[in-house]
Amino acid sequence: MLKSRNLLWIIPLLLLLSFPAWRIPVASFLSPRGGFDQSFGQKQEQPHNFLMNEVTIIQNQTGKKTAEVAATRANTTDQINEYVLSEVNADLFGDKEEEVNVIAAQGTYNTDSKKLSLKNEVVVTRKSENQKLFTDLLHYYGEQRKLHAPVATRLKGPNIEILGSSLEYDVATNSYKIGGRVYCTINDPEPTAPN
């Protein structure tokens, strides 16, 4: 005779013993239909691809403007916080309010390191000294406020022309360091007529 308390252990026992008979139909009923896409649950980051026209980047240190970089166009790259610039025109400011102008055909700017890399027809102009620097590759490190040209450079000023294989320029102190084989041509200034 079956009592209700005997059913409590008989029903689970019957389910366990009959498991091989009902396992396959229940498993096929519970399996997902149409297959399973492995990438469905994975989070995909959206790429940050965009293009900006007429861009101006301003750098400040201790509340004082140290650089202003303008470009006709900027677009993102595969690296985060790096932008490719076209037709770059940058003004770098020294401690004594001296302005150094840099123009280039192309460049890249990293917002984390504040590094500006310029290439193709780079011209650096110091109007106060009437000097121009010509090179094909130039890096500006915004934190240190230094320019570095690791390739051949030509510095031209009144009555002087200097050719070197590399150049470092400190914008804050207005000091040059030219490396490699250095060739310097100094012309005598034209004598002034006596009064």
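The values are calculated or read from the model by the stated rules, or taken from the named source; none is laboratory data. These numbers were taken from a predicted model, which means no experiment stands behind them. No Cβ is skipped: glycine too gets one built from the backbone with ideal geometry, and neighbour counts run over all protein chains shown. Heads up: the accessible areas ignore ligands, DNA and RNA and are worked out on the full protein's heavy atoms, side chains in. Shrake-Rupley method; radii C 1.70, N 1.55, O 1.52, S 1.80 Å.
With a cut-off of at most 15 other beta carbons within 10 Å, and DSSP calling the residue loop, which trypsin sites (Lys or Arg not before Pro) in the range 99-195 qualify? Please list them.
In loop regions of the range 99-195 (DSSP not H, G, I, E or B), the sparsely surrounded trypsin sites (Lys or Arg not before Pro) are Lys127, Arg181.
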Could you check how much of the accessible area of the chain is carbon and sulfur, as a whole percent, using a 1.4 Å probe?
55 percent
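Could you give the accessible area per residue of the chain, probe 1.4 Å, as a whole number in Å²?
Numbers: 13930 Å² over 195 residues.
Here the residues of the chain average 71 Å² of exposed surface.
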In square angstrom, rounded to the nearest 10, how much accessible surface does Leu13 have for a 1.4 Å probe?
80 Å²
Cα-based Rg/(2.2 N^0.38 Å) for the range 99-192, rounded to two decimals, is 1.12
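In square nanometres, what is one fourth of the surface area of the convex hull spanned by the alpha carbons of the chain? Show your work: numbers first, answer last.
Numbers: hull surface 100.8 nm².
In nm², the orientation-averaged hull projection of the chain is 25.2.
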Largest first, how would Phe19, Phe93 line up by accessible area (1.4 Å probe)?
Phe19, Phe93
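Within the chain, what is the longest stretch that has no GluC sites (Glu not before Pro) placed in a DSSP loop and near at most 14 other beta-carbon atoms within 10 Å? Don't skip to the answer; put the middle values down first.
Working: sites that count: Glu45, Glu97, Glu129, Glu143.
In short, 144-195.
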How big is the range 41-155 along each principal axis, measuring the range of its Cα positions in Å and listing the largest first?
62, 33, 25
Ignoring ligands and nucleic acids, what accessible area does Ile160 show with a 1.4 Å probe (Å², nearest 10)?
60 Å²
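Summing +1 for each Lys or Arg and -1 for each Asp or Glu, what net charge is found among the other residues whose Cβ lies under 15 Å from the Cβ of Leu163? Kindly include the intermediate steps, with their values, before the conclusion.
On the way: positive: Lys132, Arg154, Lys156, Lys177, Arg181; negative: Asp136, Glu161.
Local net charge: +3.
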Under 22 Å from the Cα of Lys127, which lysines turn up, not counting those fewer than eight places away in the same chain?
Lys64, Lys65, Lys96, Lys119, Lys146, Lys156, Lys177
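How high is the relative contact order of the range 50-171, in percent, with contacts defined as C-alpha pairs under 8 Å that are six or more residues apart? Before the final figure, lay out each step's value.
Values: 312 pairs, mean separation 18.5, N = 122.
Computed over the range 50-171, the figure is 15 percent.
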Tilt of helix 4-17 relative to the longest C-alpha principal axis of the chain, in degrees (0 to 90, nearest 10)?
60 degrees
